[in-house]
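Enquirer: What follows is a structure written as structure tokens; I'll ask about it next.
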Amino acid sequence: MDFFNRFAVPHPSFLIYGAMVSIAIAMIAVVVGITYFKKWGYLWREWLTTVDHKRIGIMYLIVALLMLFRGGVDAIMMRYQLSMPDNTFLDSQHYNEVFTTHGIVMILFMAMPFITFFFNYLIPLQIGARDVAFPRLNALSFWLFFMGAMLFNMSFVVGGSPDSGWTSYFPLAGNEFSTSVGTNYYMIAIQIAGMGTLMTGINFITTILKMRAPGMKLMKMPMFTWSAFIANVIVVFAFPVLTVLLAMGTMDRLFGTNFFTTDNGGMDMLWANLFWVWGHPEVYILILPAFGLYSEIISTFARRNLYGYKSMVASMVVISIFSFLVWAHHFFTMGQGPLTNSIFSITTMAIAVPTGVKIFNWLFTLWKGKIVFTTPMLYSILFIPLFTLGGVTGVMLAMSAADYQYHNTMFLVAHFHNVIIPGVVYAMIAGLTFYWPKMFGFMLNEKLGKWTAWLLSVGFVLAFIPMYITGLDGQARRMYTYSESTGFSTLNMVSFIGAAIMAVAFALLVYNIYYSIRYASRDIGSDPWDARSLEWATHTPVPEYNFAIIPEVASTEAFWDSKKKGHELFKGKIEKIHMPNNSPLPFIMSCIFFVFGFSMVFSIWPVAIIALIGILACLTYRSFEKDHGRYISVEEIEETEAKLRGAKK
Amino acid sequence: MKELFPLKQVMGFVFSLVLTAVALIAYFTDMSFSLGMTILLLTAFIQAGLQIVVFMHAGETNDKKSIYTNIYYGVLIALITIFGTLLVMVWDM
């Protein structure tokens, strides 16, 4: 019994027991459902072992949406807790766990897979390739990420959630102050998911550099591909810092090393320093692909080519270097001298310049454009003013002297939600709406979509603008309650109402998906938005091999030219196509990683060692495996093409 | 015969052995900590450069430009991280 005690949640409450029961019921329902409909074979053949970038992309999307739900529930609980003074809905420990998991889930397990979904689905289509450079590595990336995310979410019901903030600063995150296994989950689950992300980065850099269609020079790539390329470069250079950092943190917690302890030569603030060496580039990893999506959407619906292509690219390259030069602005109050603070203050303000260039480029694209107000365009138009507001408060925060007033207050919380929600979340929903017909063959309902956009924006303004005010008045972040005499209660209630409206907006998005599945027309062709880049040049649904004939490109908007200027995209004739084989190895290896991670969290060494041997065995097997892929014959391609062309106009 | 003999690789191999031997001096002789670290860092970085250029053929394909751009970018980021951290954590505390 002693052995099993460690798996108990150290700080249980009614909510956690409720969640345990609902998770158990949901899992049983899924297993029974799959068995009843006899879908195990289908699931295994078509999804679990797939190396197809489109299917892997859709699996990323599913995880991202699930995690959005989980992080959103966390958010609503926090807003409800703070909506009234001296509220007892959550106690302090529970509140700590909720804000910690909200941060990690939203950044690492919602936003990251969401952008990776776009990388996976779009990049090979946009550059006219048949898959990514390393399809099997791509599957491994996904499954490692998935297992990391699941391990992290397990902390909720087994052993206790991490509770020292998404930044997990030492010494608070050390063994002395965080005694439960929660922070072990943080270290190991993020490590496993981070390995997947690093592999994704390498994979997509190679894909973009090596697999572009003939004629597509670097400066002729679609803007989303450019943004994804820059983001993946940042991934490759930023994530190793996180890997090392988490490994050091794990050793501190599990093996008694002294990297971040307060005595024995440890340097507790080094964690904060290295965390942000990774953490700041990370926010640009999220925002750059979002910018890329906005560029695609704005130029499509302004019916103009993107203004300032070269300056767009240049500003992203500058951002990619500057993103590594600003990290100390996250801890101006840590105690370093004015020289350091001044340097990082100036670099931080400077990074607003390339971002401003991009904003102006979008405005100039809209200028004199024939603007079509579709749902994705509505999000993009709402993004520009709301994001700029967040950017301006960012420059306020960049002033190190003034930062002593803002640091650790709700002002900061308002700022980063103000850039992440209109910046990243809007882009994700806009991109999802924009590419939905490409993926599933029908469009989401426009009327419901616009309602969602407006509700989300009204909710967003109500939820986060009041935080600027309470923050300046001194409401600290991560404080689980406040007394009535502080006067924060009215604005916090407004905030809660805003959060509730946002929740309604997300529910409406889900309803929109349901409604469109039932009622939307399937007769939309392969280019319903009259769009401009190569991903729209192939059939809907996209065949396994993407393009029967590899397109030839002469400009940044090859597909538009082929529609309007008579450019011939598909020259030559159909030849047999070489495709990679499916493989169960990535899935199996990631399952072993899950076991390894779980036993590391609870220090069950024998199981951890066996799992480690299993991982090495998988790697060895792969090294000696001979897999030359397979060919799709010309007849088969012609048959598929004939079938798909029927739906094309 | 001359064009068949991989002179560059053999010289590279000898040079990398020399570098290893020089690095070992830091362990076997009694010198100050900073001198030892200087020797180790220098030999390590020269060694890494040698491996990338001679044995991993960094400059021998059409990808020469992107490979070197990547390496320079990586070196830049590493230097920024190390010296920035020293500035933040040690020099200006």
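The values are calculated or read from the model by the stated rules, or taken from the named source; none is laboratory data. Just so you know, these numbers come straight off a predicted model, no measurement behind them. Because the Cβ atoms are built from the backbone with ideal geometry, glycine has one as well, and the counts that use them run over all protein chains shown.
Enquirer: Name the single residue that is farthest from residue A:55 (Cα to Cα) among those in the range A:433-467 being crowded, with 22+ Cβ neighbours inside 10 Å and among the hydrophobic types (A, V, I, L, M, F, W, C).
Expert: A:467
Enquirer: Can you give me the number of residues within the range A:494-507 that are within 21 Å of the chain's Cα centre (by Cα) and of a type outside the set (Gly, Ala, Ser)?
Expert: Qualifying residue count, the range A:494-507: 2.
Enquirer: Looking at A:235, A:157, which one is among the aliphatic types (A, V, I, L, M) and part of a helix (DSSP H, G or I)?
Expert: Testing whether each residue is among the aliphatic types (A, V, I, L, M) and part of a helix (DSSP H, G or I) leaves just A:235.
Yes or no, residue by residue, for (1) surrounded by 24 or more Cβ atoms within 10 Å (Cβ to Cβ); (2) of a type in the set (A, V, I, L, M, F, W, C); (3) at pLDDT below 95; (4) at positive phi:
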| site | (1), (2), (3), (4) |
| --- | --- |
| A:289 | yes, no, no, no |
| A:294 | yes, no, no, no |
| A:302 | no, yes, yes, no |
| A:305 | no, no, yes, no |
| A:308 | no, no, yes, yes |
| A:325 | no, yes, yes, no |
| A:334 | no, yes, yes, no |
| A:338 | no, no, yes, no |
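Enquirer: Follow-up question, since we're still on this one. Which of the residues spanning the range A:468-488 are assigned to a helix (DSSP H, G or I) and buried (at least 19 other Cβ atoms within 10 Å of the Cβ)?
Expert: A:468, A:470, A:471, listed by residue number.
Enquirer: Something else: For the subset of the range A:409-429 comprising residues that are more than 18 Å from residue A:499 (Cβ to Cβ) and under 14 Å from the mean Cα position of the chain (by Cα), which member is surrounded by the most Cβ atoms within 10 Å (Cβ to Cβ)?
Expert: Only one residue tops the list, namely A:427.
Enquirer: Do you know which residues across the range B:29-83 are of a type in the set (S, T, N, Q), closer than 24 Å to residue A:240 by Cβ and more than 11 Å from chain A (Cβ to nearest Cβ)?
Expert: Matches in the range B:29-83: B:43, B:47, B:51.
Enquirer: If you go through the range A:299-331 one residue at a time, how many are in a helix (DSSP H, G or I), aliphatic (A, V, I, L, M) and under 18 Å from residue A:555 (Cβ atoms)?
Expert: Summing the residues that are in a helix (DSSP H, G or I), aliphatic (A, V, I, L, M) and under 18 Å from residue A:555 (Cβ atoms) in the range A:299-331 gives 2.
Enquirer: Another question, then. Filtering the range A:267-314 down to residues that are within 22 Å of the chain's Cα centre (by Cα) and among the hydroxyl-bearing types (Ser, Thr, Tyr), which residue is farthest from the other protein chains (Cβ to nearest Cβ)?
Expert: This residue is A:294.
Enquirer: What are the pairs, 6+ residues apart or on separate chains, where a residue within the range A:326-343 that is at the interface with chain B (Cβ under 8 Å from one of its Cβ atoms) has its Cβ under 7 Å from a residue that is hydroxyl-bearing (Ser, Thr, Tyr)?
Expert: That search, which allows pairs on different chains as well, returns A:328/A:340.
Enquirer: Read through the list (1) modelled with pLDDT under 95; (2) outside any loop (DSSP other than H, G, I, E, B); (3) over 24 Å from residue A:7 (Cα atoms); (4) of a type in the set (Phe, Trp, Tyr), then give the number of the only condition that residue A:169 fails.
Expert: (2)
Enquirer: Now for a separate question. In the range A:1-23, which residues are within 13 Å of residue A:160 (Cβ to Cβ) and hydroxyl-bearing (Ser, Thr, Tyr)?
Expert: Across the range A:1-23, the qualifying residue is only A:13.
Enquirer: Here is a follow-up. Out of (1) assigned to a helix (DSSP H, G or I); (2) surrounded by 20 or more Cβ atoms within 10 Å (Cβ to Cβ), the odd one out for residue A:93 is which?
Expert: Condition (2) is where residue A:93 drops out.
Enquirer: Also, I was wondering about something else. Which one is nearest to residue A:221 (Cα to Cα) among residues in the range A:529-565 that are assigned to a loop (DSSP other than H, G, I, E, B) and of a type in the set (Lys, Arg)?
Expert: Among residues in the range A:529-565 that are assigned to a loop (DSSP other than H, G, I, E, B) and of a type in the set (Lys, Arg), the one nearest to residue A:221 (Cα to Cα) is A:532.
Enquirer: Looking only at the range A:569-617, count every residue that is in a helix (DSSP H, G or I) and hydroxyl-bearing (Ser, Thr, Tyr) and tell me the total.
Expert: So the count comes out to 2.
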